[in-house]
Amino acid sequence: MNPSETLDIFLKLDKNELTGLMNKEVFFNSALLVLFVIISSLISVFFAKKLSSPIIQLMELTQRISRGEPIDLSVEKIKANDEIGLLTKTLLKMSSDLVTQNHELVWQKEIIDSSAIVAETDVKGKITYVNKSFVEISKYTEEELIGHDHRIINSGHHSKEFIRDMWQTITSGKTWRGEIKNRAKDGTYYWVDTSIHPIPGKNNKIEKFVAIRFDITARKEAEANLINQTKMASLGHMAGGIAHEINNPLAIISLANMSIKKFLAKSNAPENIYDMCEKVDRTALRIGNIVSGLQAISRDGSKDPMQIENLKVILDYALGVCIEKFKNDGIDIQVEGHLDHSIYCRGGQIAQVLVNLLVNAHYAVRNQEDPWIKLNCSGSGDSIVISVIDSGFGIKDPERIMDPFYTTKPVGQGTGLGLSISSSIAKDHGGELRYDSKSVNTKFDLILNIVNLKKAAA
């Protein structure tokens, strides 16, 4: 065989085999590559899903918590034990704790709202929230309150310095506590024990103020009544001392004056000397009546039994205490009507009511040019009406005149309880203290029912 021919055949066989082998190898490798890609894709999808599922669940959970939506707090549904699973379980546990704390806060808020008067304001003092108790006691609607400051319920009782001190305290970040007298929409007054708390926000700057109040109106009324009773008791003790110190000298003066008048009757003394002795008698009698009136009026008669009293005697007690003061101030005192009535009452208390009315009338007219006060008594049917009228021309806000703490006097010159207490005394006697708004002049009527006389006689 020719060598060159042999080499030529060898090369032909090698090329074909090589081509076949290469084609097979390429096909095998291509199939293997496609299979690897498919398997890799499946593995990638599997692991991607396994990895992304808790992440997606965690994202959804976080979004629902941030929106305040209810969530399933069962950690058993989270099966992953890797970092994401542990993070999700931790987040669920934190969410569970927050739900519990929020539930407690809701209950605490409901408890506070049910027992306290709550309001919130912004840093400028504008009301942003009020609870039901605030609406009820102020008698304003929520819509009327929101957007206004607390001047809407300002009673005018407290000084500017008081308000300034309160505002400076809370704007400095401190809690302010105190008692405040407020005015409701219908004009009535109420007292609240108040604490105002600054609430810090970002950067520790004050974001709002929260005021928590408790109604103490009844307590303040009781305190004022107690103070009034204490003052009356002190006056009673003083009157008793005065009576002891004055009555003895008065008795000596009266006896001596009686002896002088007997001596003058036997002699030819000038008439004017006898008149002077009569004046001494009248003065001594008047002083004695004043002391007796003070004793009768100043004592606490609330626990005394009811008994039949002569109206004229009661009026004499009341007038005896203040008539000289009125005359010195140029006030004309007039007593009219039929005074000889017998009423079933506590005489000291009725005298207190009349003195209060007379003193109020004196305060109202003392600076007038020609002031006067009239005391009139009239009986009609089953009642006796004792009227105290003065030269004034009525009272502002007459519908509130009997309310506790309402006063037309400047701060510090009146408690606003005189008429309220007098009205209560009248009601305790089965009667009424009434302001006559139809009268041209200022007029109060004390009405006592004669039906009490029948009870006394029974």
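The values are calculated or read from the model by the stated rules, or taken from the named source; none is laboratory data. Values in this document were obtained by computation on a predicted structure and should not be read as measured data. Ideal geometry is used to build each Cβ from the backbone, glycine not excepted, and the neighbour counts take in all protein chains shown. All accessible areas refer to the heavy atoms of the entire protein, side chains included, with ligands and DNA or RNA removed. Shrake-Rupley method; radii C 1.70, N 1.55, O 1.52, S 1.80 Å.
Side notes on the structure shown:
- Links that overshoot a 20 Å alpha carbon limit, given the list Lys132/Lys185; Lys327/Lys438; Lys174/Lys202; Lys139/Lys160: Lys327/Lys438; Lys139/Lys160
- A straight chain from Ser267 to Lys427 at 0.36 nm per residue would run longer than the Cα-Cα distance by 51.7 nm.
- Label sites at Val440 and Glu143, each approximated as a point 7 angstrom past Cα along Cα to Cβ, lie 4.6 nm apart.
- A straight chain from Ser172 to Gln334 at 0.36 nm per residue would run longer than the Cα-Cα distance by 52.4 nm.
- Amide H partners (placed H, <5 Å) of Ser391, local residues excluded: Trp372
- Protection-proxy order for peptides 147-160, 428-441, each taking the mean of Cβ atoms within 10 Å per residue, highest first: 428-441, 147-160
- Taking 0.36 nm per residue of sequence separation and removing the Cα-Cα distance, the Leu255/Asp382 pair yields an extension gain of 41.2 nm.
- Inter-site label distance for Ile206 and Lys396 at 7 Å from Cα along Cβ, in nm: 3.2 nm
- Annotation for Val313 and Glu223: the two label points, set 7 Å from Cα along the Cα-Cβ direction, are 4.0 nm apart.
- For Val34, Val280, Val365, the ranking by accessible surface with the largest value first comes to Val34, Val280, Val365, using a 1.4 Å probe.
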